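Participant: Please read through the structure below; I'll follow up with questions.
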Amino acid sequence: MVTAKYRVGDLLKTSDIVPGDRLLTIVEGLRGERILTSFAWGFKPQEGKLFNARIESAAWKNTWSEAFKNARAIVPVTSFELGQDIFGPDEHFTLGLAAVYDKAKGAVAILTQPAMGLCRDLGHNRMPVVIPLSLQQAWLSRQNTKPLELKGELSMFVPELRLLGRVPNPATALGRQMLAQEAASA
């Protein structure tokens, strides 16, 4: 069971989400229940704003270490962008992205890992950590005091993704060609 705990005033976008926007986020409650809430995408450490954290170093970097140990979350998405490429699940499912959060600051950061599978094949260096259903409860659990043990299992999971589309980038020749084709067909 998931309990919803977000304010009616939280304006949640459903597409074109960028850092700083609010993300639906699943966290574990005090009694072990799953709570659906929302946080702003990005931590604000003294050196600037950080939106994503590398799973390889989140456990020991000052910005993320406390959240990695005690405040893990899942951000449900139907797709994600890497550069100009939009990826989604092979079937009509929602992906659960591994994240860490800071409740006091109302902030969440998505964990990333070296690109695998289709993301790597299309030339990307990094991708979000996708949590398989079988590991979601262990990831969220505050009783799990050794999240580093999950890191190995998560890094071996290659999600079945497909390329859903491309976002035209007007700074590239391919992007200008895509925009011209869109304009001609309109």
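The values are calculated or read from the model by the stated rules, or taken from the named source; none is laboratory data. For clarity, every value in this text was computed on a predicted model and none was experimentally measured. Using ideal geometry, Cβ is built from the backbone for each residue, glycine included, and neighbour counts are taken over all protein chains shown.
Participant: Checking the conditions here, which among A107, A71 is in contact with a Gly (Cβ under 7 Å, 6 or more places away or on another chain), over 26 Å from V158 (Cβ atoms) and aliphatic (A, V, I, L, M)? So that I can check it myself, show each step before the final result.
Facilitator: On the way: A71 fails: in contact with a Gly (Cβ under 7 Å, 6 or more places away or on another chain).
Being in contact with a Gly (Cβ under 7 Å, 6 or more places away or on another chain), over 26 Å from V158 (Cβ atoms) and aliphatic (A, V, I, L, M) holds for just one of A107, A71, which is A107.
Participant: From the list L140, L135, L118, which one is of a type in the set (A, V, I, L, M, F, W, C) and closer than 24 Å to L50 by Cα? Outline the logic, then answer.
Facilitator: Values: L135 fails: closer than 24 Å to L50 by Cα; L118 fails: closer than 24 Å to L50 by Cα.
Exactly one of L140, L135, L118 is of a type in the set (A, V, I, L, M, F, W, C) and closer than 24 Å to L50 by Cα, namely L140.
Participant: Got at least one residue in region 99-107 being farther than 23 Å from L148 by Cβ and either touching a strand residue (DSSP E or B) at 6+ places or on another chain (Cβ under 6 Å) or polar (S, T, N, Q) (or both)?
Facilitator: The first filter runs over region 99-107 and keeps only residues farther than 23 Å from L148 by Cβ, leaving 104-106.
If we keep only those that are either touching a strand residue (DSSP E or B) at 6+ places or on another chain (Cβ under 6 Å) or polar (S, T, N, Q) (or both) as well, we get 106.
Yes, region 99-107 has at least one match.
Participant: At least 1 residues that are touching a residue at least 60 places away in the same chain (Cβ under 8 Å) in each: list the helices (runs of 4 or more DSSP H) lying fully within region 92-174 that qualify.
Facilitator: Values: elements: 117-121, 133-140, 147-156.
Of the helices (runs of 4 or more DSSP H) lying wholly inside region 92-174, those with at least 1 residues that are touching a residue at least 60 places away in the same chain (Cβ under 8 Å) span 133-140, 147-156.
Participant: Suppose we keep only residues that are touching a strand residue (DSSP E or B) at 6+ places or on another chain (Cβ under 7 Å) and of a type in the set (D, E) within region 71-98. Which one would you say is modelled with the lowest pLDDT? Spell out the reasoning first.
Facilitator: Narrowing region 71-98 to residues touching a strand residue (DSSP E or B) at 6+ places or on another chain (Cβ under 7 Å): 71-80, 82, 84-90, 94-98.
Keeping just the survivors that are of a type in the set (D, E) gives 85, 90.
Numbers: D85: 91, D90: 76.
Within region 71-98, the match that is modelled with the lowest pLDDT is D90.
Participant: Say we look at region 119-151 and pick out the residues that are of a type in the set (S, T, N, Q) and at pLDDT below 80; which of these is farthest from K69 (Cα to Cα)?
Facilitator: Our first condition is that a residue be of a type in the set (S, T, N, Q); within region 119-151, this holds for 125, 134, 136-137, 141, 143-145.
So of that shortlist, the ones also at pLDDT below 80 come out as 144-145.
Numbers: N144: 9, T145: 7 Å.
The extreme case among them is N144.
Participant: Residues in region 63-78 that are of a type outside the set (D, E, K, R), surrounded by fewer than 18 Cβ atoms within 10 Å (Cβ to Cβ) and within 16 Å of A104 (Cβ to Cβ): how many?
Facilitator: Selection size over region 63-78: 2.
Participant: Residues in region 47-63: is at least one among the hydroxyl-bearing types (S, T, Y), touching a Phe, Trp or Tyr at 6+ places or on another chain (Cβ under 9 Å) and within 22 Å of R34 (Cβ to Cβ)?
Facilitator: Restricting attention to region 47-63, the residues satisfying the condition of being among the hydroxyl-bearing types (S, T, Y) are 57, 63.
Checking which are touching a Phe, Trp or Tyr at 6+ places or on another chain (Cβ under 9 Å) leaves us with 57, 63.
From the residues that got through so far, the ones that are within 22 Å of R34 (Cβ to Cβ) too are none.
Checking region 47-63: not a single residue is among the hydroxyl-bearing types (S, T, Y), touching a Phe, Trp or Tyr at 6+ places or on another chain (Cβ under 9 Å) and within 22 Å of R34 (Cβ to Cβ).
Participant: Checking the condition surrounded by 13 or more Cβ atoms within 10 Å (Cβ to Cβ), out of contact with any Ser or Thr (no Cβ under 7 Å at 6 or more places or on another chain) and of a type in the set (D, E), which residue from E81, E91, E149, E160 passes?
Facilitator: Numbers: E91 fails: surrounded by 13 or more Cβ atoms within 10 Å (Cβ to Cβ); E149 fails: surrounded by 13 or more Cβ atoms within 10 Å (Cβ to Cβ); E160 fails: surrounded by 13 or more Cβ atoms within 10 Å (Cβ to Cβ).
Sole residue among the options that is surrounded by 13 or more Cβ atoms within 10 Å (Cβ to Cβ), out of contact with any Ser or Thr (no Cβ under 7 Å at 6 or more places or on another chain) and of a type in the set (D, E): E81.
Participant: Go through the residues of region 32-42 one by one and say whether even a single one is crowded, with 20+ Cβ neighbours inside 10 Å, modelled with pLDDT of 90 or more and on the phi > 0 side of the Ramachandran plot.
Facilitator: Checked against the condition, which is being crowded, with 20+ Cβ neighbours inside 10 Å, modelled with pLDDT of 90 or more and on the phi > 0 side of the Ramachandran plot, region 32-42 yields at least one hit.
Participant: Identify, by number, the condition in (1) of a type in the set (G, A, S); (2) farther than 23 Å from L135 by Cβ; (3) modelled with pLDDT of 90 or more that A53 doesn't meet.
Facilitator: Among (1) of a type in the set (G, A, S); (2) farther than 23 Å from L135 by Cβ; (3) modelled with pLDDT of 90 or more, the lone unmet condition for A53 is (2).
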